[in-house]
């Protein structure tokens, strides 16, 4: 098994691609041609109600979308800080300004809340990116954007055929872009698609794609200052062949991703990217966010070890804030993006992978994680609401808090039975000893989060583990907003909460406790 | 013969293109791959000393070149007003500002002189365009640019393998760009090349081509805000197949162009585009500039008539000044570009044309020109220096000047024998009657041009014919600069001279005569 290279991604013809390519070449139509038309017609059929245009690649698609929407030097556009940085880069090339918004700590995508926080003067639009095929809450983002008179582009490069609330992503905003790079769900080699939902923009886009010229009218009389974003008929032939057998491609992709999720869900060493309620994701790639404090090797060392097993993986995207040329654009901190980015590993998603290949990848991954585990024994969570007997464990934990109780006063004036009224109440155990606690409690419609870590375990990453568990539980309970209070002087705790997207609520500055909050998206 | 459609251009495989395309597809390397490397290595070999990069198309090549040279919003770049408007359009998209310079009336390309006149504050570089494969004087332009601390891009989209002073165009400036569109000399379908002569820029260009990423280093750590300008390995395979048999392609192209020139040179109804001294042009297309005053149909009507004969032609490029979105950029008039643009017709240049096809095109063209000739009989030029007997004709002409002599006082205080001391001295005859006169005379190293048209023939385009003849003669005589004087109040004459690139020399405003001058490039 280990004799085979498992590439991160690969191009795999599954239908008439070769035949159509040869046909396009022999027709002599190698620039424009019939396959471009067939591809676009088929796309229009799939994305009913929209108008699709084949272009040279996914980044060109974004540039063309920006130009269609009239983005000019000086305009500001909100883009996620964690994603492949195509939109941000193109905006800066156009003399426009990317405004980076943060992401949700579980879904790794933007939300209305992170966009709201990034909103500033001069913003003309929003780019939504559906990272790894997981849908961002497009419907809610678009509703907010419309209320603020902003356009929306959905970058669906990684999210071909993912659905949200029963509709394909890409159908929510004004314009959507897709990539047909060799590694993508529908591949042309190099290629992209721009999809217009606002038909009034279609003619402008069509002109801009080919130098602003309408060759059916007057040669060389440019109507707009366009560019060349055309897709060669040769590549369109390949893409059309792919699109024709999209159900086979999609089924194959879903089977791979499901095989991964069956094996890896709930693993102690990482969290998988969460889906939102209403999503029917056609996941393009499986990203793991490592619980790195539980490992004795770094994310990059793990990637190197997997590479020795001939398994090609990818790190998470670098956050926009880590790219030196973005310094001038950074208006606010993007702590969640930074926290997620450094721990993500993306597993191979090649379309030619067999179930055995996926088993091999998972076997080697688990073997390495066990080899480099920092834990003597596995940790586990106890549900305090499940059984009265857990009260003893909680008592034991509270006595182990030591000096730490200075910052966790919750039980000082409460009976332990309060946990039965909590939305979530958990104890984290290691070697059967309790080392951390967390809860979510709703009072008068306001949900509060509280955590505590035993003194000997403080600053070792266990707080992050408890936070992840609580936030995911809150998302599954469809809690819309979480609040917490933290000692203003407890800098490391404040940082931890920031890395989960909590931000300070304006409050009296002489208050010892800082009130923080964050919005949540509902989990699937 | 007329049963066949003569397309304006076509793609024609002449070697291993089909085999390489299939090989690239079957290799699974459809984005990057071995053919991209082979193509670039072969280009590096041809353009020895330079580093070549395959890109998605010729316009992307320009955008990448601008970004490599650090063009930013607000920068100004000189580009020709007469050319395919790729560079100007891309500059405006980047928030930069095209500064349009005029062209030479015979070569239809920029010169040092037209660039000098366009020079203004904030200019950072120059784009040279070699229209239709005719070389602009790159060596002189680059020398001037270097003296003014400007970079130079040569847009060689239409000038593959044209040479100037023994070197390929594209080797003169800092960066050159090429197109591999289906219609071009080397065709990939869609494709382009960026060629770097300044090797210090090569690494920056390589990064910008692929998102600013060096995949051999850290994934997703963008070093620069790049874009996607990559050429698919599939298209690179086609281009490599073409490049391999470039001598066949070039010989075929040269044979077609020479067949056209043999048939059409010296025709009464149009001027062919002039080559400059030192040029060895690999002409991509044959442009005719109609002597439209001699025809009863317009340029566009002629194109429509040829189309009825199933011959596809193209008009000249619209000048930058005719494109509404350029209004904000226009700093100075570009009268030569406007004059040339409206009269140019470009004949079919398809690589699959036979000699018979070319004969057919020329036959039909001449038939139409004769059908729609405004002349009762053909005009001709008499060389006044050739024979003493021509003095009689000159005398007859001078007596026919009528009121027109008010503005042509040259012979009022000179003996007619002065013509024998002229560089050029010509009489234009129609039905054996003299209707126009022109000369170039050099005194103390300064060359002066003078023309006169008989009263009955004024305002009918004959002056333009004489001017063309004189300017071409001056170019062949390697005269570097022409001067003339014209009555300030003779607006139509001033306009005529402007359309030949003459500009007013600063002079006392109370002088009745306006002194105008223009520089010349030496003709081949």
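Residue-wise test of (1) away from every other protein chain (no Cβ under 13 Å); (2) in a helix (DSSP H, G or I).
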residue: A:8; (1), (2): no, no
residue: A:12; (1), (2): no, no
residue: A:20; (1), (2): no, yes
residue: A:35; (1), (2): no, yes
residue: A:38; (1), (2): yes, yes
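Among A:351, A:321, which is the only one that is within 13 Å of chain B (Cβ to nearest Cβ), touching a helix residue (DSSP H, G or I) at 6+ places or on another chain (Cβ under 7 Å) and more than 24 Å from residue B:214 (Cα to Cα)?
One residue alone meets the criteria, A:351.
So, residue A:89, is that one closer than 27 Å to residue A:172 by Cβ, part of a helix (DSSP H, G or I) and more than 9 Å from chain B (Cβ to nearest Cβ) or not?
No; evaluated as a whole, the condition is false for this residue.
Filter segment A:212-255 down to residues that are farther than 19 Å from residue B:30 by Cα, buried (at least 24 other Cβ atoms within 10 Å of the Cβ) and either touching a strand residue (DSSP E or B) at 6+ places or on another chain (Cβ under 9 Å) or away from chain B (no Cβ under 14 Å) (or both), then give me how many there are.
Residues meeting the conditions: 3.
Looking only at segment B:264-316, how many residues end up being touching a strand residue (DSSP E or B) at 6+ places or on another chain (Cβ under 8 Å), within 14 Å of another protein chain (Cβ to nearest Cβ) and assigned to a loop (DSSP other than H, G, I, E, B)?
Number of matching residues: 4.
For segment B:153-184, which residues satisfy the criterion of being over 17 Å from the mean Cα position of the chain (by Cα) and more than 14 Å from chain A (Cβ to nearest Cβ)?
Answer for segment B:153-184, where residues must be over 17 Å from the mean Cα position of the chain (by Cα) and more than 14 Å from chain A (Cβ to nearest Cβ): B:165, B:166, B:167, B:171, B:172, B:173, B:174, B:175.
If we keep just the residues of segment A:469-491 that are in a helix (DSSP H, G or I) and under 24 Å from the mean Cα position of the chain (by Cα), which is surrounded by the most Cβ atoms within 10 Å (Cβ to Cβ)?
Here the residue is A:471.
For the structure I just gave you, tell me whether residue B:161 is buried (at least 20 other Cβ atoms within 10 Å of the Cβ), closer than 23 Å to residue B:70 by Cα, in the same structural domain as residue B:60 (by TED's automatic domain parsing) and in contact (Cβ under 8 Å) with a residue 12 or more places away in the chain. Spell out how you get there, then give the answer.
Details: buried (at least 20 other Cβ atoms within 10 Å of the Cβ): yes; closer than 23 Å to residue B:70 by Cα: no; in the same structural domain as residue B:60 (by TED's automatic domain parsing): yes; in contact (Cβ under 8 Å) with a residue 12 or more places away in the chain: yes.
Answer is no for this residue.
For segment A:494-516, give me each residue that is touching a strand residue (DSSP E or B) at 6+ places or on another chain (Cβ under 6 Å) and buried (at least 20 other Cβ atoms within 10 Å of the Cβ).
A:497, A:501, A:502, A:514, A:516
Could you tell me which of the residues A:100, A:53, A:84, A:66 is within 9 Å of another protein chain (Cβ to nearest Cβ) and either surrounded by 19 or more Cβ atoms within 10 Å (Cβ to Cβ) or not in a helix (DSSP H, G or I) (or both)?
Values: A:100 fails: within 9 Å of another protein chain (Cβ to nearest Cβ); A:53 fails: within 9 Å of another protein chain (Cβ to nearest Cβ); A:66 fails: within 9 Å of another protein chain (Cβ to nearest Cβ).
It is A:84.
A quick yes/no check of all residues on (1) in contact with a strand residue (DSSP E or B) (Cβ under 7 Å, 6 or more places away or on another chain); (2) closer than 22 Å to residue B:242 by Cβ; (3) assigned by TED's automatic domain parsing to the domain that holds residue B:82; (4) surrounded by fewer than 23 Cβ atoms within 10 Å (Cβ to Cβ):
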| position | (1), (2), (3), (4) |
| --- | --- |
| B:136 | yes, no, yes, no |
| B:165 | no, no, yes, yes |
| B:173 | yes, no, yes, no |
| B:196 | yes, yes, yes, yes |
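Go through segment B:492-511 and count every residue that is without any contact (Cβ under 8 Å) to a residue 24 or more places away in the chain and part of a strand (DSSP E or B).
The total comes to 1.
The values are calculated or read from the model by the stated rules, or taken from the named source; none is laboratory data. This is a predicted model, so every value here is computed, not measured. Please note: Cβ atoms are built from the backbone with ideal geometry, for glycine as well, and neighbour counts cover all protein chains shown.
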